[in-house]
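Undergrad: There's a structure below that I have some questions on.
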Amino acid sequence: MVTKKPRIVIVGAGIAGLSAARQLCDASLDKFEVVVVEAGSRAGGRVFTSEFAGHRVEMGATWVQGVVGSPVHALARDAGALQDDAADLPYERMDGGFPDRVLTVAEGGNVVDADTVAKPIEELYRGMMDDARAGEAGSGGGGVEEYLRRGLRAYQAARPTAMHINRERTDTSADDLADLDLAAEGEYRDFPGDHVTIPGGYTRVVDHLVAALPADTLRLGLRLRRVDWSETPVRLHFADGTTTLTADHVILTVSLGVLKASIGKDVSAPGAIAFDPPLPQFKREAVSRLGFGVVNKLFIKLEAEQEGGHEQLARAAPPAFPFLHMAFLGHVAKIPWWMRGTESICPVHADSSVALAWFAGREASHLESLPDDDVIRAVHATLDSFLPAAAAGATSRWRVKTIKRSGWATDPLFLGSYSYVAVGSSGDDLDRMAEPLPREVEAGGSGTPLRVLFAGEATHRTHYSTTHAAYLSGVREANRLLQHYRVHPSMTQ
């Protein structure tokens, strides 16, 4: 008699889904049938390496937040993506990070003395955020924005610090730092060591995980629309209207943005998944309370347009675009409101003619709605204000040749970028996100437990918003099933 193997369907082929699949396949010795279904045409989810103007660029996840003991850094090493010869193209931050000296300019073109103004404010900001993440922010509570502003008001430097507020918005994805819970910052953890980019591209990590799976494990182009988890087997219905899969267990790794759409009134909304029965109240409340923001990257190919005609252009060496930090003062109307949501326009590495600006929240979402010509005009207006050709005897002005940008807010497979703990939520909600269904008290001994499990960056209490959280949560849920079947987990953590 042939015993039927339990089928485990993993929804989503991002880092969380792939790490769960690899853990199950490595440890189970063919005890399970493992299927990974992915709605898109590629694996990777919010990891997506691309090319632009002769550079390797990351449209999504960019950094490994600490290398000491990092499983993601170890994966990149095993994939051969960390060696210098993996960098067949110039890549983001290939020079190891940002230089000590940046050009800080106030709107209108006045250079700010970094030693007397910008650097002390930078040190104050970093010190305050380090205290918050160490749980040493003191009394006051509330959101991160008010905490920062309390310190900045004491320093009497609120205006020039807007650039640092914008930086924290992109770091956390929070549209408004007043909505970012201060207490939760004390629970967030990076791995020790440097924050680095991956020379061979983050997608090499994804490819490495896919290559470790048995053939035909991954199925692309299957977009989940309904989950019937009322009994075992769980039934999964897909958008093509013809495909239905059954599973003893489902590991759901969709984004928090998709789950937020799924608990809305319109289950037919883009990205939404219908649950039958509906997700229980504890899960819906956690999904609702947690924050899920938008961060987008705008890559800009620049060239210096020389003043003085072709003869001077032939004689002059092309200038290097500076590491430009901008202090917006609000008096140049031609710079649109959304452009004021970035703190900097910086080359992706020293001496590169490809620059990058980060946007978060409303500005990031609005950026997705604009035609290229409008974006280019906005960048020109900004550069003309902060780097006027006449400043410091310059003989050129910067012009935009082409642009490339991400679009995470409007992508129905994600509906945003990454999670944060909002005011009114807590780390407990991240733990609730990780709880499988049905709860043990609800299962009552009938049917199969662990019908629907949850993984992804928004299900990890201390590393949320990162690829570390995605990886660790995928391994966690795989191990939960392995322990259920009394299979010893492998050591791939």
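The values are calculated or read from the model by the stated rules, or taken from the named source; none is laboratory data. Since this is a predicted model, take the numbers as computed values, not measurements. So basically every Cβ, Gly included, is an ideal-geometry build from the backbone, and we count neighbours across all protein chains shown. Keep in mind that these areas ignore ligands, DNA and RNA; they rest on the heavy atoms of the full protein, side chains included. Shrake-Rupley method; radii C 1.70, N 1.55, O 1.52, S 1.80 Å.
Undergrad: Mind giving me the FRET efficiency for ALA350 and ASP216? R0 is 56 Å, r the Cβ-Cβ distance, nearest 0.05 is fine. Walk me through the numbers before you get to the answer.
TA: Values: r = 45 Å, r/R0 = 0.81.
About 0.80, to the nearest 0.05.
Undergrad: Amide H neighbours of ALA274 under 5 Å, counting only residues 5+ apart in sequence or on other chains, H built in-plane at 1.01 Å?
TA: HN-HN under 5 Å from ALA274: ARG226, VAL227.
Undergrad: What's the extension gain from LYS31 to THR246 if we count 0.36 nm per residue and subtract their Cα-Cα distance?
TA: Numbers: separation 215, 0.36 × 215 = 77.40 nm, distance 1.72 nm.
Gain on stretching LYS31 to THR246: 75.7 nm.
Undergrad: Distance in nm between label sites at GLU440 and ARG77, each 7 Å beyond Cα in the beta-carbon direction?
TA: Distance between the two pseudo-spin positions: 3.7 nm.
Undergrad: Then there's this: Report, by chain and number, residues whose modeled amide H sits under 5 Å from the one on GLY186, excluding near sequence neighbours (fewer than 5 apart, same chain).
TA: Here the answer is GLY135, since their amide H atoms fall under 5 Å of that of GLY186.
Undergrad: OK, next. Estimate the FRET efficiency between ALA274 and ASP88 by the formula 1/(1 + (r/R0)^6), using the beta-carbon distance for r and 60 Å for R0, to the nearest 0.05.
TA: That pair, ALA274 with ASP88, gives E of 0.85.
Undergrad: Shifting gears a bit: By how many nm would the segment from ARG377 to VAL68 lengthen if fully extended, with 0.36 nm per residue of separation less the alpha-carbon distance? Write down the numbers at each step before the final one.
TA: Numbers: separation 309, 0.36 × 309 = 111.24 nm, distance 4.30 nm.
Answer, rounded to one decimal: 106.9 nm.
Undergrad: Give me the percent of accessible area attributable to carbon and sulfur for region 326-387, probe 1.4 angstrom. Can you show the working numbers first?
TA: Details: 1200 of 2220 Å².
Ligands and nucleic acids excluded, carbon and sulfur reach 54 percent.
Undergrad: For GLU305 and GLU231, compute 0.36 nm times the residue count separating them, minus their Cα-Cα distance, and round to one decimal in nm.
TA: Numbers: separation 74, 0.36 × 74 = 26.64 nm, distance 6.66 nm.
Going from the current span to full extension adds 20.0 nm.
Undergrad: Short version: ³J(HN,Hα) in whole Hz for each residue of region 15-21, in order, from phi by Karplus 6.51 cos²θ - 1.76 cosθ + 1.60 (θ = phi - 60°), x for Gly and Pro, what are they?
TA: Listing the rounded values in order: 4, 5, x, 5, 5, 5, 5 Hz.
Undergrad: Go through region 400-406 residue by residue and turn each phi into a ³J(HN,Hα) via Karplus (6.51, -1.76, 1.60, θ = phi - 60°); whole Hz please, and just put x for glycine and proline.
TA: Computed from phi, the couplings for region 400-406 are 9, 8, 7, 9, 8, 9, 8 Hz.
Undergrad: Here is a further query. Kindly provide log₁₀ I(q)/I(0) values, in the same order as q = 0.12, 0.17, 0.21 Å⁻¹, from the Debye equation applied to equal alpha-carbon scatterers of region 1-113.
TA: -0.66, -1.02, -1.26
Undergrad: On the full set of protein chains, 1.4 Å probe, figure out the accessible area of HIS460 and give it in Å² to the nearest 10.
TA: 40
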